[in-house]
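In what follows, a single structure is set out as structure tokens and then discussed.
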Amino acid sequence: MALKRLSQAELARVCGVDRSTISALLQPGTRLPNAGLAADCARALGISADWLLGLTGRPEPLADLMAASLTLTEAPRALIDEQIFGWHREAAGYKIRHVPATLPDMLKTRAMVEWEYAPQLGRTAEQAIGAFEDRLKWMRGAGSDYEIALPLHELTAFATASGYYEGLSADIRRAQLQHLIALCDQLYPSLRVCLFDARRVFSAPVTVFGPLLAVVYLGHHYMAFRDTARIGVISGHFDLLVREAEVGARGTVAHLQGLIERVE
């Protein structure tokens, strides 16, 4: 009432009861109001009826909690995604777990980035790629551990220039695989990459930013969850990918070395 600047008489009028009813409710040891009055008071005060009755620790109405815990954000087809970078900054120091849509951007060579994003960047490609590399440098120094799960078929398609990677030159593919090998070898265990068989387990592109946030990539939008329960479910899904991985983090380098032999 104080925060809303409502007097007992004003709250009573809004709820359609006598002032004495509100006054009685505010006395220590008073019995809880009936459900109808509790709902009317909560609506008038802009709070949750459950919180008013001591059933939850959050005062926000359910609709507000849902709006805060689940958001849809546009996902532009762009090299520098301000939203993603903002989430990385927010989660600095936490473990970040990631299932990318293609190869992870943070592990790509400059030549790979140019091939993939140049059609969207046009004349600003050089400037955009420079800014992208600056942000990658920040991310690698932010103190976060990164755990990445990739489907085996994605790397096979990359090595053989099939599907999404059709037309990508052998030189770029070979250099990219060598770059992945170097990073996986040098940065382990702060960077761990495991490979799962999508015929056994499947995953949409998803990122878990520590205990703060879990994001599912839909193509044109990100679906972001901030409530503990859903973050836990998506984290459990990532645990399954790691547990069922065909190639664990320690074996990824050897697998990548084998793929280099398939580059033609």
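Laboratory data are not the source of any read-out in this text; all were calculated from the coordinates shown. None of these values were measured; they are calculated from a predicted model. So basically every Cβ, Gly included, is an ideal-geometry build from the backbone, and we count neighbours across all protein chains shown.
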*Sort TRP51, TRP87 so that the residue with the fewest other Cβ atoms within 10 Å of its own Cβ comes first and the one with the most comes last.*
TRP51, TRP87
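If r is the Cβ-Cβ distance from ARG243 to SER190 and R0 is 22 Å, what FRET efficiency results, to the nearest 0.05?
On the way: r = 21 Å, r/R0 = 0.93.
The pair ARG243/SER190 has a calculated efficiency of 0.60.
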*Residues PHE238, PHE196, sorted so that the one with the fewest Cβ neighbours within 10 Å comes first*: PHE238, PHE196
*Could you give the distance between the Cα centres of the range 8-46 and the range 187-208, to the whole Å?*
53 Å
_Normalised by the empirical 2.2 N^0.38 Å for globular proteins, what value does the Cα Rg of the chain take?_
1.41
_Under the span-like rule (Cα at least 24 Å along the axis, Kyte-Doolittle mean at least 1.0), DSSP H helices of the chain_ = none
*Ranked list, fewest to most other Cβ atoms within 10 Å of each Cβ, for THR207, THR30*: THR30, THR207
_What number do you get for the range 8-60 when its Cα radius of gyration is normalised by 2.2 N^0.38 Å, N = residues?_
1.07
_Helix-only estimate, please: 222 nm mean residue ellipticity of the chain, summing -39500 (n - 2.57) across DSSP H runs of length 4 or more and dividing by its residues, to the nearest 500._
-14000 deg cm²/dmol
